[in-house]
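Student: Quick one: this structure, given as structure tokens, is what I'll be asking you about.
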């Protein structure tokens, strides 16, 4: 699990995202981020508000609610 409560410089963020992307299909990853761009390539995105899952987005149907 990757949790980054601090702001990363663009190069470090790019390196981390690249490392995560290289693991796609090999490992199950849980990524927690305040930035949608950091999780956009994930197979599933869970939007959490007020400690509840409000929406689940799939990679195939990015704009549709599951």
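The values are calculated or read from the model by the stated rules, or taken from the named source; none is laboratory data. Note that the coordinates shown come from a computational prediction; the quantities given were computed from them, not determined experimentally. Please note: Cβ atoms are built from the backbone with ideal geometry, for glycine as well, and neighbour counts cover all protein chains shown.
Student: Restricting attention to region 8-31, and to residues there that are surrounded by 10 or more Cβ atoms within 10 Å (Cβ to Cβ) and over 21 Å from residue 59 (Cα atoms), which single residue is nearest to the chain's Cα centre (by Cα)?
Tutor: 13
Student: How about region 41-59: which of its residues are surrounded by fewer than 10 Cβ atoms within 10 Å (Cβ to Cβ) and in contact with a strand residue (DSSP E or B) (Cβ under 7 Å, 6 or more places away or on another chain)?
Tutor: 53
Student: Only residues that are out of contact with any helix residue (DSSP H, G or I) (no Cβ under 7 Å at 6 or more places or on another chain), in a loop (DSSP other than H, G, I, E, B) and modelled with pLDDT under 80: list them for region 28-51, please.
Tutor: Narrowing region 28-51 to residues out of contact with any helix residue (DSSP H, G or I) (no Cβ under 7 Å at 6 or more places or on another chain): 28, 30, 32, 34-37, 39-40, 42-44, 46-51.
Of the ones still in play, those that are also in a loop (DSSP other than H, G, I, E, B) are 28, 30, 34-35, 40, 42-43, 50-51.
Hits for region 28-51 are 34, 35, 40.
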